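Each remark here refers to the structure printed beneath this line.
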Amino acid sequence: MEQVVCIGCGAAIQSENPNEVGYAPEASLKKETVICQRCFRLKNYNEIQPVSLTDDDFLRILTSLGNQNGLIVKIVDIFDFNGSWLPGLQRFVGSNPILLIGNKVDLLPKSVKPNRVIHWMKQEAHKLGLKPIDVLLVSSVKGNGMEQAMDAIDRYREGKDVYVVGCTNVGKSTFINRIIKNVTGENNVITTSHFPGTTLDLIDIPLEDGKSLHDTPGIINHHQMAHFLDASELKVITPKSELKPKVFQLNPEQTLYLGGVARFDFIQGTRSSFTVHVSNSLMIHRTKLQNADALYENHLGEMLVPPGPISKEQFPELVRHEFRVKEDKTDIVISGLGWITVNKGNIVVAVHAPKGVNVQIRPSLI
Ligand code: GDP
C-alpha cells in the first residue's frame, strides 16, 4: 500500500496513536488530500499540539541540531528535572548555546526561594554535562516569567534561529502556544517546515527578522514516572495548584507511603519532623517500618493508590535508596513526584521509588 503523507508537514500518516507524529483519524484518510491533526490544529487554531517521537527519531533530530546555527531552548519540568532530561544534549548540539528554562514555577509553595531553584538547576545541569548560558523559571500556564524568557531568547539568539526541545509532559506545547499568542497576535502566519536530513516536521514560528522559532516533537523518557500510570492516575500525582506542604512528626522505624508510588522510611535518629511536598491529592499513609513490606504486598492498588488495580500489574518494582543526611534542611527529591524536606540532620532515611525513577538529595529550597 502506498504511504500517505500529510500535505502540511510531510509526515507519514498513521491512525493508531494520536500522540505521535502524523496522526489523522481513520475517517479523514478517505479524502483526496490528508492533513495530520497537528497541522490541522495549527492551520485552524494557530495552536500546536504535543506530539512525541521514538528515541531513534529524536536522536536524528538532535544530531541535525548540531548542524544548525542557532539558540537551543531546553524546557524542563522543575518537578521532574531528571525525568525531563535529554541525555547527551550538550554533545549533540555542538557549539550552539543552550538556554535552560524550568517550567511549572506556579506549583512551588510560596516559601520556596526561586533563586535557590535556579542555583540547584545550574548545579544539576553541570553534573549532567550541560553548560547553559542562562537558567530561567517560568509558568507557561500562568504566564509568570514569560516576558523575561522571551527577552532572553531574543537576546541570546543573536539574530539566529531558535530550536525549542524537551521531553513529553514538561509543558513545551503550553510554552510555545503562549509565545505564539504573544508573537503573532491574530495573524495566521505559522507554517510547518521539514527539518533537513529527516522526514520530521517542525513548527515554524516566524520571528521579526526573518528567522524562525522551531518546535521539535517531545521525546519520551522511559524513566518518567508519568509513563507507569494511566491518565487518571497521573492526575493524582501531578500537582495542579500550589503545593501545600504537609508536616509529619516521625519516630525512627516509621514509614510513610506516598500513595503506592513511593515510600519513605525513617531508619535511624531521634524523633524528627519531615515536610512532604507532593501533589495535594496524593494520599499519604503512615505505618510501622516492620509492617511496611506487608502493607505494600497486600494493599497496593486499593489502599495504596496510584497505581490502581490494573496499572499495578505493570508498575515497576520499588528500589531502595538509603541516605545518611548530615545537614539540617535537606530535601530528598523523587523525580516526577516532589520532595521530602528533612528538617533536622544527622539521621538515616531510605526512599523506595519505582525502578528507573531518580532519587537524590539537595539543600532545601526554603
Ligand atoms: P508537552 O508534552 O511538553 O508539550 O507538555 P504540555 O504543554 O502538553 O503540558 C503537559 C502538562 O503540564 C499539561 O497538563 C499542562 O497543563 C501542564 N503544564 C504545562 N505548563 C505548566 C505550568 O506552567 N504550570 C502547571 N501547573 N502546569 C503546566
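The values are calculated or read from the model by the stated rules, or taken from the named source; none is laboratory data. Small disclaimer: the values here were computed from a predicted structure and weren't measured. So basically every Cβ, Gly included, is an ideal-geometry build from the backbone, and we count neighbours across all protein chains shown. For accessibility, only protein heavy atoms count, side chains too; no ligands or nucleic acids. Shrake-Rupley method; radii C 1.70, N 1.55, O 1.52, S 1.80 Å.
Numbers below:
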item	result
Residues that are modelled with pLDDT under 80, away from the ligand (no atom under 13 Å from the Cβ) and assigned to a loop (DSSP other than H, G, I, E, B), drawn from segment 51-98	THR54, PRO87, GLY88
Residue, farthest from the chain's Cα centre (by Cα), within segment 260-273, restricted to residues that are in contact (Cβ under 8 Å) with a residue 60 or more places away in the chain and closer than 18 Å to ALA292 by Cα	GLN268
Among residues of segment 164-181, those that are more than 8 Å from the ligand (Cβ to nearest atom), open to solvent by less than 10 Å² (accessible area, probe 1.4 Å) and either closer than 22 Å to HIS223 by Cβ or touching a helix residue (DSSP H, G or I) at 6+ places or on another chain (Cβ under 7 Å) (or both), counted	3
Residues within segment 206-237 that are among the β-branched types (Val, Ile, Thr) and part of a strand (DSSP E or B), tallied	1
Number of the condition not met by VAL76 [criteria: (1) open to solvent by less than 10 Å² (accessible area, probe 1.4 Å); (2) more than 13 Å from the chain's Cα centre (by Cα); (3) touching a residue at least 60 places away in the same chain (Cβ under 8 Å)]	(2)
Within segment 281-304, tally of residues that are surrounded by 12 or more Cβ atoms within 10 Å (Cβ to Cβ) and either among the aliphatic types (A, V, I, L, M) or under 27 Å from the mean Cα position of the chain (by Cα) (or both)	12
Filter result for the condition that a residue is within 16 Å of the ligand (Cβ to nearest atom), in a loop (DSSP other than H, G, I, E, B) and crowded, with 18+ Cβ neighbours inside 10 Å, over ILE48, ILE35	ILE48
Pairs where the first residue, in segment 280-298, is closer than 24 Å to GLY269 by Cα and the second is acidic (Asp, Glu) and at pLDDT 95 or above, C-beta under 9 Å, 6+ apart	LYS288/GLU253; LEU289/GLU253; LEU289/ASP265; GLN290/GLU253; ALA292/ASP265
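Residue-wise test of (1) touching a strand residue (DSSP E or B) at 6+ places or on another chain (Cβ under 9 Å); (2) within 16 Å of the ligand (Cβ to nearest atom).
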{"position": "LYS110", "(1), (2)": "no, yes"}
{"position": "LYS113", "(1), (2)": "no, no"}
{"position": "GLN123", "(1), (2)": "yes, no"}
{"position": "HIS126", "(1), (2)": "no, no"}
{"position": "ASN144", "(1), (2)": "yes, yes"}
{"position": "GLU147", "(1), (2)": "no, yes"}
{"position": "ASP151", "(1), (2)": "no, no"}
{"position": "TYR156", "(1), (2)": "yes, no"}
{"position": "ASP161", "(1), (2)": "yes, no"}
